[in-house]
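Every number here is computed from the coordinates shown, using simple stated rules; none is lab data. Note that the structure is predicted; figures quoted are calculated from it, not measured. Every residue, glycine as well, gets a Cβ built from its backbone with ideal geometry; the counts of neighbours run over all protein chains shown.
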Amino acid sequence: MFVRICRYRVLPEMLDKHLEIQRRASEIYRRYLPEKPAYFQSHEDPCEWVEIHPFLDEAACRESSERINREPEILDLWQEFQAMLDPSSPPVMEEFTERRPGDAYDA
């Protein structure tokens, strides 16, 4: 399994709009992703969010991302999303490959 994790901070006045954008984006993601993304809001700070996007492997992630990014509506939602982020806290995107005991390590 391969996961893409996005951490970001939404401006306080944009929390409701953020949920609406994620709802609309999820409708599009459903057409292209085998697993739906999960969204997590911090208990300590409701403006802090984490998204987890699971994929079978890294190639599936790249392929799905390329198809999604060709959707005009996603490009519009991305612009709206960018406008609601806290400029003092840049978003962070990380990618991880699942490793199990006994797996070979490929550096």
Checked region 56-67 for anything surrounded by 11 or more Cβ atoms within 10 Å (Cβ to Cβ) and over 12 Å from the mean Cα position of the chain (by Cα); matches are Leu56, Asp57, Glu58, Ala60, Arg62, Glu63, Ser64, Arg67
Find the residue count for region 33-46, including only residues that are surrounded by 17 or more Cβ atoms within 10 Å (Cβ to Cβ) and closer than 18 Å to Leu85 by Cα. 0
So which residues in region 6-31 are of a type in the set (A, V, I, L, M, F, W, C) and either closer than 13 Å to Glu51 by Cβ or part of a helix (DSSP H, G or I) (or both)? Cys6, Val10, Met14, Leu15, Leu19, Ile21, Ala25, Ile28
Kindly list the number of the only condition in (1) within 17 Å of Gln79 (Cβ to Cβ); (2) surrounded by fewer than 16 Cβ atoms within 10 Å (Cβ to Cβ); (3) of a type in the set (Ser, Thr, Tyr) that fails for Tyr8. (2)
Looking at region 69-92, which of its residues are under 13 Å from Arg24 (Cβ atoms) and part of a loop (DSSP other than H, G, I, E, B)? Glu71
Any idea how many residues of region 32-44 are in contact with a strand residue (DSSP E or B) (Cβ under 6 Å, 6 or more places away or on another chain) and in a loop (DSSP other than H, G, I, E, B)? 3
